[in-house]
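Have a look at the structure below, then the notes.
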Amino acid sequence: MMDLETLQTIWFVLVAVLFTGFFFLEGFDYGVGILLPFLGKDDRDRRTVINTIGPFWDGNEVWLITAGGAMFAAFPHWYATLFSGFYLALILMLVALIIRGVAFEFRSKSDNPTWRNLWDWGIFFGSAVPALLWGIALANIIRGVPIDRNMNYVGGFLDLLNPYALICGIASFSIFTLHGSVFLTLKTKDALHERAMSFAKKCWAPATLLSFAFTVYTFLETDLFARLGINPGIVPVFSVVALASVIVLLQNNASGWAFAMTGAAIAFSTITIFLGLFPRVMVSSLDPEWTLTIYNASSSAYTLSIMSIVALIFVPIVLIYQAWTYWIFRKRLGTDSELEY
């Protein structure tokens, strides 16, 4: 059996990997949902947009469930403080995700245009709210929230809506929207492809500027760069270069590479945050000594050992299955394609 500190580090890394995968995968289908009412000129267009993520969206959300489950089992104090402190925000996110899931299934149950338009906006709402709230949540974890010596969140909902967190939320919303628009350039054809390409090019500048603003604000508002857990080295540079290259790739109609670069920018940004936090998992704004770390928030060595064995068996199976799904549904869609939703 490995020692407790090694197991704690391994599970911190695994949680970071799960959230990175979640933001990469769920990011583009949040973006597609946000763009649905604007890129779809008629019902056939909108059905095509929905079908680009139809085979993937529920599988992508498994990454969130797995990350939450891993956090609950490996770092129960982190899970308890986070979910109790961010309770109202998480309830709002859950409601949005429920509406989104229901909308995907219900919109095709009637041909009535009003019915379908209602559920299309439900998909927009269910995509836009989480895209915004995930940025707000991450920002507060980085900046710090009022946590007392007993690991209890002692603030209110409005404490989470500080200017720094709102900037991060708008930045995450814009990045996911860009990621989704680039995904649509990869998965659609004809007029819908052209509209997605045009929107992606227009979306790139504000997404890049907001990401830069968030980076600068992070330097001024937090100790993430001053008190590095693990020096991220050139990882943040990779994120900047990846995001900067997107517009060049779009201008050259290299949709596949552009999608890879928006995904890389999201992944490298998430990795940078986790590297900077380590070994912290939630910063206390009241007293640094009350900050939650992988050491004071984790389960026992026995629990982490059993979990490691289970993860070693099942994580590769899930990855293989999801990769197979993306390969099977890799073709572009047009308004002449056979549609499900």
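The values are calculated or read from the model by the stated rules, or taken from the named source; none is laboratory data. Quick caveat: nothing in here was measured; it's all calculated off a predicted structure. Here the Cβ positions follow ideal geometry from the backbone for every residue, glycine too, while neighbour counts run over all protein chains shown. These accessible areas exclude ligands, DNA and RNA; they are computed on the full protein's heavy atoms, side chains included. Shrake-Rupley method; radii C 1.70, N 1.55, O 1.52, S 1.80 Å.
Assorted remarks:
- Within the range 150-167, the set of residues being part of a helix (DSSP H, G or I) and either of a type in the set (A, V, I, L, M, F, W, C) or at pLDDT below 90 (or both) comprises PHE157, LEU158, ASP159, LEU160, ALA165, LEU166, ILE167.
- Among the residues of the range 275-283, none qualifies, meaning not one is open to solvent by 60 Å² or more (accessible area, probe 1.4 Å) and either on the phi < 0 side of the Ramachandran plot or modelled with pLDDT of 90 or more (or both).
- The residue of the range 100-116 that is nearest to ASP29 (Cα to Cα), among those that are without any contact (Cβ under 8 Å) to a residue 40 or more places away in the chain and open to solvent by 60 Å² or more (accessible area, probe 1.4 Å), is GLU105.
- Put simply, of SER269, SER298 the only residue that is of a type outside the set (Phe, Trp, Tyr), crowded, with 20+ Cβ neighbours inside 10 Å and in a loop (DSSP other than H, G, I, E, B) is SER298.
- Residue in the range 221-229 that is part of a helix (DSSP H, G or I) and either under 30 Å from ARG280 (Cβ atoms) or modelled with pLDDT of 90 or more (or both) present: yes
- When the range 278-337 is filtered for residues that are of a type in the set (Gly, Ala, Ser) and either in contact with a Gly (Cβ under 8 Å, 6 or more places away or on another chain) or over 30 Å from GLY85 (Cα atoms) (or both), the ones remaining, listed by number, are SER284, SER285, ALA323, GLY334, SER337.
- When the range 247-281 is filtered for residues that are within 22 Å of GLY31 (Cα to Cα) and among the aromatic types (Phe, Trp, Tyr), the ones remaining, listed by number, are TRP257, PHE259, PHE268.
- Tabulated pairs, the range 78-97, first closer than 17 Å to GLU61 by Cβ, second of a type in the set (S, T, N, Q), C-beta under 9 angstrom, 6+ apart or interchain: ALA96/SER127
- Candidate set: the range 143-167, residues that are in contact with a Phe, Trp or Tyr (Cβ under 9 Å, 6 or more places away or on another chain) and crowded, with 21+ Cβ neighbours inside 10 Å; chosen: the one farthest from PHE75 (Cα to Cα): LEU160
- Answer from THR48, THR66, THR52 - the residue that is on the phi < 0 side of the Ramachandran plot, polar (S, T, N, Q) and open to solvent by 30 Å² or more (accessible area, probe 1.4 Å): THR66
- Looking across VAL240, VAL182, VAL216, one residue alone is among the hydrophobic types (A, V, I, L, M, F, W, C), modelled with pLDDT under 90 and either in contact with a Gly (Cβ under 8 Å, 6 or more places away or on another chain) or surrounded by 14 or more Cβ atoms within 10 Å (Cβ to Cβ) (or both). It is VAL240.
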